[in-house]
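Notes to accompany the following structure.
The values are calculated or read from the model by the stated rules, or taken from the named source; none is laboratory data. Everything numeric in this text was worked out from a predicted model, so none of it was measured. Don't worry about glycine lacking a Cβ; one is built from the backbone with ideal geometry, like all the others, and counts go over all protein chains shown. Ligands, DNA and RNA are excluded from the accessible area calculation, which covers all protein heavy atoms including side chains. Shrake-Rupley method; radii C 1.70, N 1.55, O 1.52, S 1.80 Å.
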Amino acid sequence: MNVIKDRVEVAIIGGGISGVALAYELSKRGVEVAVFEKNFLGSGSTGRCGGGIRQQFSTEENIRLAMESVKIFERMKEELGWDIEYYQGGYLILAHTEEEVKQFEKNVRLQRSLGLDVQWLERDEINDIVPELDVEGIGAIAATYCPTDGHAYPPKAVWAYADKARELGAHIYEFTEVKGIIVENGRASGVITERGETRSRFVVNAAGAWSPIVAEMAGVKLPNKPYRHEIMITEPLSHFLDPMVISFHDNVYFRQTMRGGIIGGWGDPEEKPGFNFASSLKFITTMARLLRKYIPALKPVRVLRQWAGLYDVTPDAKPILGPVKEVEGFLQMNGYSGHGFMVAPMCAVLLAQYITGEPLSIPLEPFSVERFEKEVRGEVSVVG
Ligand SMILES: Cc1cc2nc3c(=O)[nH]c(=O)nc-3n(C[C@H](O)[C@H](O)[C@H](O)COP(=O)(O)OP(=O)(O)OC[C@H]3O[C@@H](n4cnc5c(N)ncnc54)[C@H](O)[C@@H]3O)c2cc1C
């Protein structure tokens, strides 16, 4: 006997920020949805992520998605009735080489042309934003700063979306793994779970790093690859750091949480793709060294804990959104490549608009998986 709904309009696979944000956007539009999460909500990448929300990207697609998402984050407290610890403390992005300076100048021109308020900082202006930063020691020669960038607490964002979606009628099934996708006459028409089957008009693959495995269930190939990314948090300190500090050169980022801890990650360039969740000594020693180098005053501060999660990486570091040509009604919402928390709110709006036939606020074509059949222009502003 089915212990889950027999039929809904939209079956969503994955209960991270993508799945629950889409459940909310659809429920708000009167569409009956079910979310299937194999573990607990936020247990994938969302609950493990840094919570950074920035708009300073190098491609128009990512900048527009992020700028629209920021508008949603700004009204989230009012709209969802939850304080998700959203704080617009800015992002300080450091340039260490002339090559980076050239790229950042291009980025800033593009960002400003799209209406983003970004400041260019010369070396001697960087300490105006973060006085504690050892600009000389880290070899920074310039930086960009966007005051409306910021951060939030990812688990609370998931709970906020899920609570509101439930209130509006969404069915959210935790500890319910999708084992198969029903495809009939070339159309996705439901999911098979360990707790029964649910028929639907659309099936959405919001399974994060597991999305290629889920896509295979419908006979669809995705190019995304899972990469471990490690992260840590220190003991709480009095508030001193407003922005997220980020360096693509050193592959590092860190910020201070509302509870005072410094949370940050370093991307190991030698990391191989795979479902690896182990915490490593290499990460924590490298990260501790980098933090001390960036802010020498952090030397005596103790690490509270470290953990790991997965980036769901596409060849151009842009998400995959919308339909696939092989199976009608099978929609993708994945491939965020390490910046999905920040753009998922707008991606959810776009997919909800697509499903309900509303005009799209941003075209979906640039995010179609079919783009990989041609040459693609990649996002370069990423911690890899
Ligand atoms: C260390 C780290 C730091 C990060 N920092 C940031 C940051 O600062 N800012 C930012 O924007 N992004 C950041 N990210 C990336 C961000 O976490 C992700 O892009 C985002 O959370 C993706 O959300 P999602 O809902 O698509 O995927 P997930 O949160 O991974 O959700 C997918 C869910 O699908 C479920 N699932 C998988 N298979 C099945 C199945 N067969 N049946 C049912 N359920 C299934 C999984 O259990 C999982 O919960 C970071 C990631 C990591 C790992």
Residue in the range 34-71 that is farthest from D149 (Cα to Cα), counting only those that are among the β-branched types (V, I, T) and more than 13 Å from the ligand (Cβ to nearest atom): T59
Mind checking which residues of the range 184-211 are more than 8 Å from the ligand (Cβ to nearest atom), hydrophobic (A, V, I, L, M, F, W, C) and open to solvent by 40 Å² or more (accessible area, probe 1.4 Å)? I192
If you scan the range 316-354, which residues turn out to be closer than 26 Å to P154 by Cα, of a type in the set (A, V, I, L, M, F, W, C) and either part of a loop (DSSP other than H, G, I, E, B) or more than 9 Å from the ligand (Cβ to nearest atom) (or both)? A317, I320, L321, L331, M346, A348, V349, L350, L351, A352
Of everything in the range 85-95 that's open to solvent by less than 20 Å² (accessible area, probe 1.4 Å) and not β-branched (V, I, T), which residue is farthest from R255 (Cα to Cα)? A95
Enumeration of residues in the range 58-81 that are farther than 21 Å from R109 by Cα and crowded, with 19+ Cβ neighbours inside 10 Å: F73, M76, L80
May I ask you to verify whether H249 is part of a loop (DSSP other than H, G, I, E, B), open to solvent by 10 Å² or more (accessible area, probe 1.4 Å) and either of a type in the set (K, R) or in contact with a helix residue (DSSP H, G or I) (Cβ under 7 Å, 6 or more places away or on another chain) (or both)? yes
Looking at the range 212-246, which of its residues are touching a residue at least 40 places away in the same chain (Cβ under 8 Å), within 14 Å of the ligand (Cβ to nearest atom) and open to solvent by 40 Å² or more (accessible area, probe 1.4 Å)? K225, Y227
Which of the residues belonging to the range 252-281 are crowded, with 19+ Cβ neighbours inside 10 Å and out of contact with any Pro (no Cβ under 6 Å at 6 or more places or on another chain)? V252, Y253, F254, R255, Q256, T257, I262, I263, G264, G265, W266, G267
Would you mind stating whether G169 is away from the ligand (no atom under 11 Å from the Cβ) and either among the basic types (K, R) or touching a Ser or Thr at 6+ places or on another chain (Cβ under 6 Å) (or both)? yes
Go through (1) open to solvent by less than 40 Å² (accessible area, probe 1.4 Å); (2) of a type in the set (V, I, T); (3) more than 14 Å from the ligand (Cβ to nearest atom) and name the single condition V383 misses. (3)
Name the single residue, out of those in the range 11-35 being part of a strand (DSSP E or B) and touching a His at 6+ places or on another chain (Cβ under 9 Å), that is nearest to V158 (Cα to Cα). V35
Filter result (outside any helix (DSSP H, G or I), buried (at least 21 other Cβ atoms within 10 Å of the Cβ) and out of contact with any strand residue (DSSP E or B) (no Cβ under 8 Å at 6 or more places or on another chain)) within the range 36-57: G42, F57
Considering every residue within the range 171-180, establish whether at least one is at pLDDT 95 or above, aliphatic (A, V, I, L, M) and not in a strand (DSSP E or B). no
Residues in the range 1-33 that are more than 11 Å from the ligand (Cβ to nearest atom) and closer than 16 Å to K179 by Cβ: how many? 3
